[in-house]
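Below is one structure, written out as structure tokens; comments come after it.
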Amino acid sequence: MDRQILKTSLCLLVLLLVVAGGCQKDKSEDPANANPTAEKKLRVAATISMITDIVENIGRDRIDVTGIVGEGVDPHLYKPTAGDVERLKDAEIIFYNGLYLESKIIGAVLDKMAYKTKAVAVTAGTLRSQLRTTSEFQGGYDPHVWHDVSLWMKAAEKVRDTLAQADPDNAEYYLSNAKRYLAALKTLHDDLQYLAAQIPAQRRVLVTTHDAFGYFGRAYGFEVRGLQGLNTETEAGVADVRDLAAYIIEHRIPAMFVETSTPSQGIEAVQAAVRAKGFEVQIGGRLFADAMGTPGTPQGTYIGMTRHNIDTIVDALRVELAYRRQ
């Protein structure tokens with residue numbers, strides 16, 4: 001009798017262990033109990049490539065990010081495609097400039113989606129007193145803030161805070177990534193100040209296709225002259241070419257620069273006008289004004305793009321100065 005009871009008790013114990021193990025397995029396989037930080041990613045969209053780069057550096061593998069305006073594309077003129085609209089609709093967060101740079105995207109898409117999608121202006125954390133005023137853009141401010149690295153750090157902080165708030169389970173991860181990225185931007189800012197100082201102050205004149213480098217000039221000590229105004233929607237005329245050519249001759253400017261996202265014909269016309277007056281001005285290289293370079297190249301990142309710009313400017317002006325001393 002005792003043996004029969006013992007046998008029955010052992011069978012019941014085995015059965016209970018099997019049932020308990022099965023229940024535990026079912027619980028672990030339940031999607032509701034999965035680790036959200038490992039499986040769920042924020043769906044993020046960014047309008048211009050410089051903003052996309054910030055989001056990628058801070059969000060890294062916790063987000064799925066889609067950039068809208070690609071390499072070599074002028075955001076002033078860009079009109080969103082049907083595919084862009086769908087990508088923006090699918091995003092949980094949309095980061096954009098906030099100073100009417102992407103006016104056609106804002107008017108066609110963002111304004112209509114504001115009620116259901118979180119759209120964040122990365123310049124919202126920048127004091128208005130730190131912005132350059134202009135009458136060329138709705139709102140009254142120059143949107144090209146990324147050319148002053150210290151101001152673009154404010155944009156990175158805005159992205160950091162937004163991601164941390166939207167995804168609190170991964171907040172520490174975003175904060176840690178942002179800390180490293182901001183340190184790299186601080187080093188970049190310091191390097192630009194050092195490199196700009198290699199050119200004598202009276203020779204720091206930056207002549208480009210359009211007036212996109214005002215923040216750069218203010219931060220790093222360059223006078224900036226653009227053939228076109230701040231907004232590339234306004235085309236340069238014959239008078240603009242003539243006036244810029246006269247300025248170059250009067251101030252003996254040795255080099256000017258074209259931009260990767262705008263046609264070079266205008267600057268070439270200025271060069272021809274200068275030559276016709278008996279003076280020679282070189283085209284010192286191509287600068288990234290409104291868009292970054294090809295993904296996977298150094299210029300395909302914000303830091304690499306900015307280093308390319310300062311190196312191109314300093315090298316061109318330094319070579320020309322050395323030539324004129326001979």
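Name the single residue, out of those in region 207-227 being over 20 Å from Q130 (Cα atoms) and not hydroxyl-bearing (S, T, Y), that is modelled with the lowest pLDDT. My answer is H210.
Just to be sure I understand, how many residues within region 111-160 are over 20 Å from D290 (Cα atoms) and hydrophobic (A, V, I, L, M, F, W, C)? Residues that pass the stated criteria total 4.
Could you go through region 173-183 and let me know if any residue there is over 18 Å from the mean Cα position of the chain (by Cα), under 30 Å from K40 (Cα atoms) and buried (at least 18 other Cβ atoms within 10 Å of the Cβ). Don't jump to the end; show me each part of the working.
First, the residues of region 173-183 that are over 18 Å from the mean Cα position of the chain (by Cα): 173, 175-176.
Then drop every residue that is not under 30 Å from K40 (Cα atoms), which leaves 173, 175-176.
Cutting the leftovers down to buried (at least 18 other Cβ atoms within 10 Å of the Cβ) gives us 173.
Yes, because at least one residue in region 173-183 is over 18 Å from the mean Cα position of the chain (by Cα), under 30 Å from K40 (Cα atoms) and buried (at least 18 other Cβ atoms within 10 Å of the Cβ).
When residues in region 182-219 are screened for being over 27 Å from D74 (Cα atoms) and among the small types (G, A, S), 3 of them pass.
Please find, within region 264-276, the residue that is surrounded by the most Cβ atoms within 10 Å (Cβ to Cβ) out of those that are touching a residue at least 40 places away in the same chain (Cβ under 8 Å) and not aliphatic (A, V, I, L, M).
Our first condition is that a residue be touching a residue at least 40 places away in the same chain (Cβ under 8 Å); within region 264-276, this holds for 264, 266-267, 270.
If we keep only those that are not aliphatic (A, V, I, L, M) as well, we get 264, 266.
Working: S264: 15, G266: 22.
If we take residues in region 264-276 being touching a residue at least 40 places away in the same chain (Cβ under 8 Å) and not aliphatic (A, V, I, L, M), then G266 is surrounded by the most Cβ atoms within 10 Å (Cβ to Cβ).
Checking each residue of region 114-130 against the condition of being among the small types (G, A, S), farther than 22 Å from T187 by Cβ, surrounded by 15 or more Cβ atoms within 10 Å (Cβ to Cβ) and free of Cβ contacts under 8 Å to residues at least 12 places away in the same chain gives no match. Scanning region 131-154 for residues that are open to solvent by less than 30 Å² (accessible area, probe 1.4 Å), modelled with pLDDT under 95 and either β-branched (V, I, T) or at positive phi (or both) gives T134, G140.
Does region 155-162 contain at least one residue that is of a type in the set (S, T, N, Q), part of a loop (DSSP other than H, G, I, E, B), in contact with a strand residue (DSSP E or B) (Cβ under 7 Å, 6 or more places away or on another chain) and open to solvent by less than 50 Å² (accessible area, probe 1.4 Å)? Scanning region 155-162 turns up no residue that is of a type in the set (S, T, N, Q), part of a loop (DSSP other than H, G, I, E, B), in contact with a strand residue (DSSP E or B) (Cβ under 7 Å, 6 or more places away or on another chain) and open to solvent by less than 50 Å² (accessible area, probe 1.4 Å).
When the helices (runs of 4 or more DSSP H) confined to region 10-120 are screened for residues that are at pLDDT 80 or above and more than 22 Å from I303 (Cβ to Cβ), those reaching at least 3 such residues are found at 82-90.
The values are calculated or read from the model by the stated rules, or taken from the named source; none is laboratory data. A quick note: this is a predicted structure, and the numbers were derived from the prediction, not measured. In this analysis, Cβ positions are derived from the backbone assuming ideal geometry, glycine residues included, and neighbour counts consider all displayed protein chains. Protein only, heavy atoms only, side chains kept; ligands, DNA and RNA dropped before computing areas. Shrake-Rupley method; radii C 1.70, N 1.55, O 1.52, S 1.80 Å.
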